[in-house]
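Comments concern the structure below.
The values are calculated or read from the model by the stated rules, or taken from the named source; none is laboratory data. Treat the numbers as computed from the prediction; the structure is a model and nothing was measured. Every residue, glycine among them, receives a Cβ derived from its backbone with ideal geometry; neighbour counts consider all protein chains shown.
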Ligand SMILES: Nc1ncnc2c1ncn2[C@@H]1O[C@H](COP(=O)(O)OP(=O)(O)OP(=O)(O)O)[C@@H](O)[C@H]1O
């Protein structure tokens, strides 16, 4: 039999005491404490400790319940119809009874020494911390107690029990939760995140919509009709560091809108107050806020590791070295259990990549990388299986317990998942119908007369209520009586009408407004005073994670990696080379000895000018509309300057844009036997490059101006057609009122320069007639184009190269960040 390591139990299933011993060892090693990548066991102890601190007053359920009861947190339904005092009045938390199961008390005795050690540690950390408004920070990291909870641990028994439960719980969940944090991480010690207390009072939001006429006979059907739509009606609440707030409600109830408002992503048409440490939203906060949107916005062709590394390089402060930032990304890969897929591409609609759950974890990873003080997540668990969902919420729970403020909207959570949240805000049609402790929600609704008839997942029960659905739910007599009273009023009705969902919702809104809202609002106004230090940190000047040059280089390399598949796209390369081959065959060894031969070759020259005008426009047009979501997401968190992104984006496309025309010209030029001098070949190449870069500029400008592919491609095709027709090949004598189009057309300038390169006036003679050679070019010009010079045309094209790009840049600058 293999010998087990010293200090570890030799039994296959280790006892809780063994684990506790390991835990205590971890905790008491200062080096480990200071590492950013804290161990699972440390997290566990922190969690256990903080849960005691945070929920000292809350019920631990009765001790009569078994540990597995505690783990599962299955809610015991309250007696139907039992009216409890409304939440407005203080609810009594059930106290821990003196009954401790025998096996558990034995275990507690064994663990006494160890638990005492770690509680001493907690006391020490609390004593050494600067306590303000319920927040305290130890050297090891923040230890958080909720607002209003002052005083040290005075119930060690409860604490030990809680730790024991947490260990047991962890033992169960360790199968699910892949939190393999590297203990030997040599990451630099970073400042703990700034604790941010978020308060929102009477938040209202409306949108102004444009209506459509209901009938074409309406006299004002051509006039736009504007109307206001209320989305949120005076929602209030607060959340302190260390807590996790769940936003629940049916689809369309306003959860996403509220989280966007709280995250500072919507600023218009909002009334009420939203404050962060009693300060309004400021740009400085962007770097302290992590925001995980409902849709996973990631680059499909980057791998998991690349995605997190580039984010770390761009978002982490420049005080960290490149190596340290890369290490942090690697650590997040481990924390999120993404090692197995770290080298797999993210994937998207057309390419298979990592799974939906992994993608969601990568999105969360991109936000937790920066160690945000406030973390917002819009439906982080939707579409995931219950185990993955629990894994994610457990991780968020740990993040919150380490001193961050976590706000998450959530759809249909399982009961285990629901109990991970400290606070809950329940929305129904834009109204609050509950705000308070998640664990008190059932009790509150029971107190206003709504209780489930069956044992139910509390989340299902709450969502039913928010939907106004009262199947299997008792309703207050008062509400039932309203339908009876209505029936009596309508003398013809024999039976009372059944309660509609609207009636139920209205009753719940009123109950909340009467019983809870005034008290919560009063609490918000008087809630903890925030120190000047914390206030000023929130309103400090914003800082960029990396220098402009670093941002540019990282984005440049990221752009190359993301589009490497396009560069090597077989279809794109085949398209260009096949076109070149066909042209070469059609114009095989062309000569200009006859007017017809010359005419044919001029046709080829014009085609080259048009091809390298069209092709880049329609490639470049996709650039910004396709990246709009990503750009919005990254700019919303001040990840980089727009100028750095813009420069990187336009330059990272150049290698391919220059490689393809070289191949194209090598084939066409020699097959068609164009002017056989090195200078002519090189100048033709340079002119083609200039044409490509100018037309790309136009594509970028149109794409950035519309940010909509349909509109952009429509405009681009009309513009390109006009430019081509005005290019000087099809029509030479144009009326002055429309002649200006020609001067905007880069086809026209490219064509002119290419003619100048290929032909000299004295070269163009027709020697086919027996009477001798005669000039076919008149007054040194060909088809009205003088064959000397060329600098003027090149200058105009250079102006186009920069002018169109400037237009594109300003269009991006005024683009609203979409949330
Ligand atoms: N800009 C807008 N214009 C028009 N209606 C809007 C706008 N923003 C929000 N709404 C409406 O407000 C309501 C709330 O939308 P929101 O996205 O916040 O709901 P939700 O609770 O997050 O829904 P879901 O769970 O389905 O994501 C919806 O009816 C939505 O159509």
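Numbers for the structure displayed
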| quantity | calculated |
| --- | --- |
| Flag if residue 245 is within 16 Å of the ligand (Cβ to nearest atom) and touching a residue at least 12 places away in the same chain (Cβ under 8 Å) | yes |
| Residues of region 398-457 satisfying the condition of being over 25 Å from residue 479 (Cα atoms) and either within 16 Å of the ligand (Cβ to nearest atom) or in a strand (DSSP E or B) (or both) | 405, 406, 407, 408, 409, 410, 411, 412, 413, 423, 437 |
| Pairs where the first residue, in region 414-429, is over 27 Å from residue 234 (Cα atoms) and in the same structural domain as residue 235 (by TED's automatic domain parsing) and the second is within 12 Å of the ligand (Cβ to nearest atom) and outside any helix (DSSP H, G or I), C-beta under 8 Å, 6+ apart | 417/410 |
| Filter pass, residue 664 being assigned to a helix (DSSP H, G or I) and surrounded by fewer than 18 Cβ atoms within 10 Å (Cβ to Cβ) | no |
| Selection within region 378-397 - in contact (Cβ under 8 Å) with a residue 40 or more places away in the chain and either surrounded by fewer than 19 Cβ atoms within 10 Å (Cβ to Cβ) or away from the ligand (no atom under 16 Å from the Cβ) (or both) | 382, 387, 390, 391, 394, 395, 396, 397 |
| Residue list for region 718-755, filter: under 43 Å from the mean Cα position of the chain (by Cα) and not in a helix (DSSP H, G or I) | 745 |
| Residues of region 741-800 classified as touching a strand residue (DSSP E or B) at 6+ places or on another chain (Cβ under 6 Å), modelled with pLDDT of 85 or more and surrounded by fewer than 21 Cβ atoms within 10 Å (Cβ to Cβ), total | 0 |
| Single condition residue 618 does not satisfy, out of (1) within 27 Å of residue 809 (Cβ to Cβ); (2) exposed (fewer than 14 other Cβ atoms within 10 Å of the Cβ) | (2) |
| Single unsatisfied condition, residue 322 versus (1) within 24 Å of residue 649 (Cβ to Cβ); (2) surrounded by 23 or more Cβ atoms within 10 Å (Cβ to Cβ) | (2) |
| Residue in region 346-362 that is within 16 Å of the ligand (Cβ to nearest atom), surrounded by 22 or more Cβ atoms within 10 Å (Cβ to Cβ) and part of a helix (DSSP H, G or I) present | yes |
| Filter result (more than 10 Å from the ligand (Cβ to nearest atom) and either farther than 12 Å from residue 291 by Cβ or outside the structural domain of residue 231 (by TED's automatic domain parsing) (or both)) within region 255-267 | 267 |
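For every residue, the table says whether it meets (1) within 16 Å of the ligand (Cβ to nearest atom); (2) outside any strand (DSSP E or B); (3) free of Cβ contacts under 8 Å to residues at least 40 places away in the same chain; (4) more than 28 Å from residue 227 (Cα to Cα).
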site: 253; (1), (2), (3), (4): yes, yes, no, no
site: 273; (1), (2), (3), (4): no, no, no, no
site: 287; (1), (2), (3), (4): no, yes, no, yes
site: 319; (1), (2), (3), (4): no, yes, yes, yes
site: 325; (1), (2), (3), (4): no, yes, yes, yes
site: 328; (1), (2), (3), (4): no, yes, no, yes
site: 331; (1), (2), (3), (4): no, yes, no, yes
